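What follows is a set of notes on a single structure, which appears directly below.
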Amino acid sequence: MALLGRPNVGKSTLINRIIGAKVAIVTPKPQTTRHRILGIHTDRHRQIIFVDTPGIHRARQQLNRNMVRIAFAAAGEADVLAVMQDVSKPLDAGTRLLIRRFADGTLAQPRIHVLNKMDKVRKSALLPRLAEVQQLDPHAVAYIPVSAIRGVQVDHMMDEVTKYLPEGPPVYDAGWYTDQSQRQLAAEYVREQVFMAMQQEIPFQTAVDIEDFHESQQGVKISAVILVGSERHKPILIGKSGSRLKSIGVTARKNLEALLGCRVSLHLWVKVQPNWFDHPAHLSDLGLGT
Ligand SMILES: Nc1nc2c(ncn2[C@@H]2O[C@H](COP(=O)(O)OP(=O)(O)OP(=O)(O)O)[C@@H](O)[C@H]2O)c(=O)[nH]1
Ligand SMILES: [Mg+2]
């Protein structure tokens, strides 16, 4: 099942909630997710492969064009589409356009509308919103309000999705919960903290590349480069006497230790690569191509 929607609606939060681990990073900033990320849920009766996607937005730079392309490609391959919106925000032009785009019949798979962040609105506000979405896409198979962050109605949504999945043997072993390597997860966990710590355009112009990932009896030793798109971003990211970079490293390391269940030593450094986010070759080197 592919999870699609505008940036920041809570797609990654929902996947993490279902899987019970941070497989996709979450921040309050839009355009956090840049890849197609699998979250594999296996229980006694079923295996559902959830595909988290980058938020669909008007893309100017090559990185953003790739992100949007990744989302539509994931939609094309899935058995069921879940189109998510944030009900705590008005149904804006961008969201309407997105709903219409999926409703136009180009993609034939069953569609479920997921109305997230219901914890932020009154019940009385939900009904008119449901009616509005139903009117925009009358042929969807379900319209489900949820709270991804609190786990409200998430089981119900999964049962609804299950109805439309093809029967077959499980694709992944029961122990697998994502398709990402530990190396990729490490890069994402560092990027999450960069997003949390940085303001304005800086987070969107950073990427993380793992230079070294070494496992031993003592734990994991990781060396990561944070790429910035401009010389003037470097001192801001590093902070006074290295304080900002240090606190990014400390939080990312703690989160990684919780995920990997072992000691992690994390070495971060910053490199300037002007406008890397607009160069197809740099993007594919960073695993951000299409
Ligand atoms: N109150 C509330 N906040 C939520 C809920 N789900 C997500 N959020 C918050 O919304 C913000 C965005 O969440 P993400 O999961 O990163 O959103 P996303 O759709 O994956 O965003 P992109 O990756 O940028 O497309 C975070 O601050 C979340 O904590 C919810 O059910 N209720
Ligand atoms: Mg996301």
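Of note:
- Relative to the dominant Cα principal axis of the chain, helix 182-197 is inclined by about 90°.
- Average accessible surface for the chain: 50 Å² per residue, computed with a 1.4 Å probe over protein heavy atoms with every protein chain in place.
- Förster radius 51 Å - calculated FRET efficiency between K123 and S284, Cβ distance, rounded to 0.05: 0.60
- For the chain, the longest principal axis of the C-alpha atoms and the axis of helix 243-260 are separated by about 60°.
- Cα gyration tensor shape of the range 126-200, rounded if a/c is under 1.5, else prolate or oblate by comparing a/b with b/c: oblate
- The chain: relative contact order in percent, alpha carbon pairs under 8 Å with at least 6 residues between: 18
- Grouping the Cα pair distances of the range 176-290 into 5 Å bins from zero gives a pair-distance distribution of 2, 12, 22, 24, 19, 13, 6, 2, 0 percent in increasing distance order.
- P(r) tail fraction, the range 223-290 - alpha-carbon pairs more than 16 Å apart, %: 57
- Legend: translational diffusion of the range 52-190 by Stokes-Einstein, Rh = Kirkwood radius over C-alpha pairs, 4 °C, 1.567 mPa s; D = 77 µm²/s.
- The apolar share of the surface of the chain, taken as the fraction of accessible area on carbon and sulfur atoms (1.4 Å probe, ligands and nucleic acids excluded), comes to 50 percent.
- Label-reachable residues, the range 215-256, where backbone N falls under 12 Å from a point 7 Å from C262's Cα toward its Cβ: 215-222
- Residue ranking by accessible heavy-atom surface, 1.4 Å probe, largest first, among H45, H233 comes out as H45, H233.
- If you plug the beta carbon distance of S223 and V141 into 1/(1 + (r/R0)^6) with R0 = 41 Å, you get a FRET efficiency near 0.30.
- P(r) histogram, all alpha-carbon pairs of the range 110-241 included - 10 Å bins from 0, percent: 9, 22, 22, 27, 16, 3
- Here the Debye sum runs over all C-alpha atoms of the range 52-103 as equal scatterers in vacuum, and log10 of I(q)/I(0) at q = 0.27 Å⁻¹ comes out as -1.20.
- Dividing the summed helix terms, -39500 (n - 2.57) for each DSSP H run of n ≥ 4, by the number of residues in the chain produces a 222 nm estimate of -11000 deg cm²/dmol to the nearest 500.
- Over all distinct Cα-Cα pairs of the range 1-106, the Kirkwood formula returns a hydrodynamic radius of 14.1 Å.
- Amide H within-cut-off set for L227, under 5 Å, with H built and near neighbours excluded: A207, V208, D209, K271
- Dividing the radius of gyration of the alpha carbons in the range 3-58 by their Kirkwood radius gives 0.99 for Rg/Rh.
- Each eigenvalue of the Cα gyration tensor of the chain, multiplied by 5 and square-rooted, gives one semi-axis; in descending order these are 33, 22, 18 Å.
- Cross-link partners for K11 among the lysines, with Cα-Cα distance under 21 Å and sequence neighbours closer than 8 places in the same chain left out: K22, K29, K89, K117, K120, K163.
- Looking at the chain, the DSSP beta bridges with both ends there are about 40 percent antiparallel.
- Here the calculated FRET efficiency for R232 and K254, from their Cβ-Cβ distance with R0 = 22 Å, stands at 0.15, rounded to the nearest 0.05.
- Spin-label zone in the range 25-64 - amide nitrogen under 13 Å from a point set 7 Å from the Cα of A93 along the C-beta vector: 58
- Cα centroid separation - the range 160-223 against the range 24-64, whole Å: 11
The values are calculated or read from the model by the stated rules, or taken from the named source; none is laboratory data. Please read all numbers here as calculations on a predicted model, not as lab measurements. Cβ sites come from the backbone with ideal geometry, for glycine too, and all protein chains shown count toward neighbours. These area figures cover heavy atoms from the full protein model, side chains too; ligands, DNA and RNA do not enter into them. Shrake-Rupley method; radii C 1.70, N 1.55, O 1.52, S 1.80 Å.
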